[in-house]
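The values are calculated or read from the model by the stated rules, or taken from the named source; none is laboratory data. Since the model is a prediction, treat every value here as computed from it, not as a measurement. All Cβ positions, glycine included, derive from the backbone under ideal geometry; neighbour counts span all protein chains shown. Only protein heavy atoms, including side chains, enter the accessible area calculation; ligands, DNA and RNA are left aside. Shrake-Rupley method; radii C 1.70, N 1.55, O 1.52, S 1.80 Å.
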Amino acid sequence: MTKLAVHFGAGNIGRGFIGWLLVQAGYKLVFADVNEAIVAQIKEQGEYEVILANEEQEQFTVQGIKAVNSMSETEELATYISEAEIITTAVGPTILSKLAEIIAKGIELRKNEQHYLTVIACENMIGGSEILQSAVLPLLSTEAKEYANEFVAFPNSAVDRIVPNQHHKNPLTVTVEPFYEWVVEAPMNKHNAPKIAGLNYVPDLTPYIERKLFTVNTGHAVTAYFGHMRNIESIEDAIHNEKVLFIVRSALEETGALLEKKFQFSHQEHQAYIDKIIERFKNPYVSDYVTRVGRSPIRKIGENDRFIQPARQFVEAFNETPKALAIAIAAAMKFEEPTDAEACALQEAIKEQGLDQAIEQYTGLKPYTKLFEKIRTSYHELV
């Protein structure tokens, strides 16, 4: 019997990371996307090239793929979902819950079958699969809920792979960095843990999610905001700037101290992890524009994201204010980019409401706390 996988999101991460690994694992893969141009190209070509962003520029062909438009071909998509062994997503945190209706429809079609289904949200967020599950289950009939309780699992996931800004003659070709990490919380039932080379099941996902979020995402954003302040265009050039590198390392020393204390990570091993992440930022083949990496600053300075969450936890763990993280948050609040809606909204809020109100509104921090005051002071000190 042919194994079937459905992947929502035929963008660069979908094609160059998750989709590629699923095909390598022997799955017949169906991409579901709203982008009709991409869907049409996949239907026409039935394959695409993945290029590794290294000196060798190694190339791999991903074959035997299909695609459906998740807005206009819902009956066909629901049928695929009813037959799939695994469903994965790479659509972005804001879109994730919008997939619930069609996934629920597909589960309804399979409720009388005793086939296991694993649904993994491969998003840059904490608890993505759980969030998707909470959106899907209320839409199910009583019978489908009973089926889902026994046969369907939504294990959370942490994913890490840098996909640079790129343009190719063939729109399906995608370039990705050689490094990747796909960690999934081990489901209770082994039947919901399909074997996929490159996917690593772990008993507790939290250490991996926070390590990635507080190192890769934090470090990438710090590089972007301080590079932007120095009128440096690319991440590669920014991380080679001594002053930018110093603040990035300083911020990652703070998040690293927190992670080591919280999860008993070895100091030596975590320092090696930080070094590896910085080397990834230096890779000339995956370098990106600081304006693209820095986009959506309101989301990035949110209370559950890469800056505020580790900064708050640092205060709780050590009873002191993290200086580098506070400076990084201030730099994010200075990010001016006319092409980015969030950057414009943030600058408008600071101008109209004042800095203090903007800090409180977007970070969730209360005035007169030491972290709040350090961010405000750093904002005025940054030039």
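Numbers for the structure displayed
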{"item": "Residue within the range 221-243 that is within 22 Å of G127 (Cα to Cα) and modelled with pLDDT of 95 or more present", "result": "yes"}
{"item": "Residues of the range 325-356 that turn out to be free of Cβ contacts under 8 Å to residues at least 60 places away in the same chain and closer than 16 Å to S378 by Cα, as a count", "result": "8"}
{"item": "Test: residue in the range 1-22 that is of a type in the set (S, T, Y), at negative phi and in contact (Cβ under 8 Å) with a residue 40 or more places away in the chain", "result": "no"}
{"item": "Candidate set from the range 191-210 (those that are among the charged types (D, E, K, R) and modelled with pLDDT under 95); member that is nearest to R306 (Cα to Cα)", "result": "E210"}
{"item": "Matching residues, the range 272-309, being of a type in the set (S, T, N, Q), open to solvent by 40 Å² or more (accessible area, probe 1.4 Å) and in a helix (DSSP H, G or I)", "result": "T291"}
{"item": "Odd one out for E85 among (1) within 22 Å of A193 (Cα to Cα); (2) in contact with a helix residue (DSSP H, G or I) (Cβ under 9 Å, 6 or more places away or on another chain)", "result": "(2)"}
{"item": "Restricting the range 114-123 to residues that are modelled with pLDDT of 95 or more and surrounded by 21 or more Cβ atoms within 10 Å (Cβ to Cβ), the residue that is nearest to the chain's Cα centre (by Cα)", "result": "C122"}
{"item": "Filter pass, K111 being open to solvent by 20 Å² or more (accessible area, probe 1.4 Å), in a loop (DSSP other than H, G, I, E, B), over 27 Å from F17 (Cβ atoms) and at pLDDT 95 or above", "result": "yes"}
{"item": "Near pairs, Cβ below 8 angstrom, 6+ apart or cross-chain, from the range 69-94 (open to solvent by 10 Å² or more (accessible area, probe 1.4 Å)) to any residue that is in a strand (DSSP E or B) and polar (S, T, N, Q)", "result": "E85/T118"}
{"item": "In the range 174-211, residue nearest to K282 (Cα to Cα) [restricted to those that are open to solvent by less than 20 Å² (accessible area, probe 1.4 Å) and assigned to a loop (DSSP other than H, G, I, E, B)]", "result": "E177"}
